[in-house]
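What follows is a set of notes on a single structure, which appears directly below.
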2 protein chains.
Amino acid sequence: MTVYLVGAGPGAPDLLTLRAARLLEQADIVFYDALVHPDTIALAARAQKVAVGKRCGKHSTVQQFINKRLVDAAKRYPVVVRLKGGDPMMFGRAQEEIAALEEAGVECEVVPGITAALAAAAAIKTSLTQRGSARTITFATPRVGATEPDSTWARGLAAADAGAIYMGVGEAALIAQTLIASGKPPGLPVAIVESASLPEQRVRYTTLADLPNFADASVAGPATATPAIPSAQAITQACDTRIAPWRAM
Amino acid sequence: MTVYLVGAGPGAPDLLTLRAARLLEQADIVFYDALVHPDTIALAARAQKVAVGKRCGKHSTVQQFINKRLVDAAKRYPVVVRLKGGDPMMFGRAQEEIAALEEAGVECEVVPGITAALAAAAAIKTSLTQRGSARTITFATPRVGATEPDSTWARGLAAADAGAIYMGVGEAALIAQTLIASGKPPGLPVAIVESASLPEQRVRYTTLADLPNFADASVAGPATATPAIPSAQAITQACDTRIAPWRAM
């Protein structure tokens with residue numbers, strides 16, 4: 001009678017937490033996102049496994065229907081796991097599921113996971129904060145739904161010492177243009193990290209002005225070529241001592 | 001001959017990653033922060049264990065000395081683990097250790113961990129991002145070393161849709177005053193999360209204007225009363241649908 005919203009981490013199955021692994025082993029039913037690694041899902045040996053990821057393409061499931069399935073499952077099974085890529089509370093739409101569960105009087109618990117930007121930082125061996133020079137880091141997405149109000153996503157990034165952009169693939173021109181207009185220098189160092197933590201991980205370094213060229217290439221590359229395998233598509237704009245710090249303007 | 005900079009997570013031993021647990025089991029020597037849980041350190045059954053945490057109080061070890069010990073250990077042991085609270089790349093001073101290791105020609109690898117703000121978000125069941133209303137989240141600390149330049153930490157927070165403040169205990173008056181001066185409303189909802197993910201976890205809700213009263217109490221409370229036990233002292237200023245969203249001003 002508890003629904004666990006569980007973070008599966010950035011991609012690599014061994015970047016799952018011990019708690020998440022135990023809950024998967026105990027689960028009666030698991031609703032999982034398309035980006036979760038098959039080996040992670042396989043830990044739920046005795047559970048019924050239901051794909052509900054919005055990134056399946058054709059098989060996408062609307063949020064409201066996911067909410068309803070979680071509530072229904074909670075009435076039938078003792079341990080329900082909702083497995084999400086990364087951390088549930090970072091770009092994971094967890095709030096909508098939490099609200100639906102609370103409204104239905106269903107107990108829920110959140111198990112945090114490694115969010116993509118931290119795996120990206122590990123990949124480029126670049127700390128997102130640095131003593132004396134980077135005390136603020138902003139995680140943002142330029143992705144806005146068709147029916148949603150305009151976003152001021154660039155402001156939070158422009159004012160911070162370092163930044164990481166989620167779901168930036170396909171938005172490279174917009175990102176470069178908006179951040180330069182917000183006052184970031186065209187020569188700002190940018191790291192593009194694809195499939196962070198996975199064997200196919202790819203890291204490239206460029207500048208804000210040149211980002212569109214690099215990122216457009218990646219859209220046709222492994223990031224979309226392997227849609228069934230998790231792909232932490234964070235474009236991390238890191239404060240890198242080796243390439244020069246991103247400082248607040 | 002590899003030094004692993006490993007995130008121990010926010011406090012609860014089972015919020016460690018599977019990879020971190022395996023590395024601790026294989027480790028020949030472990031250098032650990034004071035805030036890491038004893039049960040986590042105990043996973044390193046065959047390793048020599050060395051406390052180097054800066055929060056030990058009297059037994060604090062300067063960063064340069066830690067760097068030197070890591071380099072020396074790498075020459076003597078096959079598997080060296082540097083275990084840090086939370087995630088190494090978030091307020092963990094990892095860059096200084098990475099730079100020292102690279103300079104000495106020592107291989108190093110970063111294993112990400114759950115950072116405190118994500119555990120705090122799980123504790124208050126409040127997503128740090130929310131579709132349509134919160135697309136940017138800034139992590140910041142107002143803590144500035146005596147010899148360090150002034151920080152513009154409040155700017156990144158003021159421009160973001162949601163924020164989380166690390167190492168904010170003892171800085172409550174400064175935080176409230178600076179963020180209100182930056183344009184945040186005095187009535188902005190604030191959640192104070194102490195010892196996130198631990199049995200002694202404590203969550204309180206207040207407003208930006210009232211923050212000093214709440215947080216000052218916590219300074220004399222469990223957060224400092226149990227310095228040997230990990231304490232995720234993140235003051236999370238969350239975008240909370242239940243208490244009202246923090247929107248960019």
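Read the figures in this text as sums done on the coordinates, not as results from a lab. This structure is a prediction, so every number in the text was calculated from the model and none was measured. In this analysis, Cβ positions are derived from the backbone assuming ideal geometry, glycine residues included, and neighbour counts consider all displayed protein chains.
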Quiz item: Which percent, nearest 5, of DSSP beta bridges in segment A:1-148 are antiparallel?
Solution: 10
Quiz item: Ranking B:65, B:139 by Cβ neighbours within 10 Å, fewest first, what do you get?
Solution: B:65, B:139
Quiz prompt | Cβ-based charge dipole, segment B:1-119, positive-most Cα from B:112, B:42, B:16 | solution = B:42
Practice problem: Would you kindly work out, in nm and rounded to one decimal, the distances from the label point of residue A:182 to those of the same position in each other copy, ordered shortest first, with label points 7 Å along Cα-to-Cβ? | Solution: 1.4
Quiz item: Label-to-label distances across copies for residue B:2, with labels 7 Å out along Cα→Cβ, in nm, shortest first?
Solution: 3.5
Quiz item: Using a label position 7 Å from Cα in the Cα→Cβ direction, what is the ascending list of nm distances from residue B:205 to the same site in the other copies?
Solution: 4.6
Quiz item: By count of other Cβ within 10 Å, fewest leading, how are B:135, A:76 ordered?
Solution: A:76, B:135
Self-check item: Footprinting exposure proxy for A:179, A:174, B:208 (fewest neighbouring C-beta atoms within 10 Å first)
Solution: A:174, B:208, A:179
Quiz item: Gap in Å between the Cα centre of segment A:64-102 and the Cα centre of segment B:76-135?
Solution: 27
Exercise. Could you check the simple spin-label distance between residue B:62 and residue A:62, using points 7 Å along Cα→Cβ, in nm with one decimal?
Key: 6.4
Quiz item: Which distance in nm do the two modelled labels at residue A:204 and residue B:102 give, with both placed 7 Å along the Cα-to-Cβ direction?
Solution: 2.1
Exercise. Give me the distance in nm between label points sitting 7 Å out from Cα along the Cα-to-Cβ direction at residue B:50 and residue A:50, one decimal.
Key: 5.2
Quiz item: Peptide A:157-164: average number of partner chain Cβ atoms within 10 Å per residue?
Solution: 5
Quiz item: Listed here are the pairs A:125/B:49; A:84/B:125; A:125/B:84; B:49/B:75; A:125/A:184; B:84/B:125; which of them are more than 20 Å apart at the Cα?
Solution: A:125/B:49; A:125/A:184; B:84/B:125
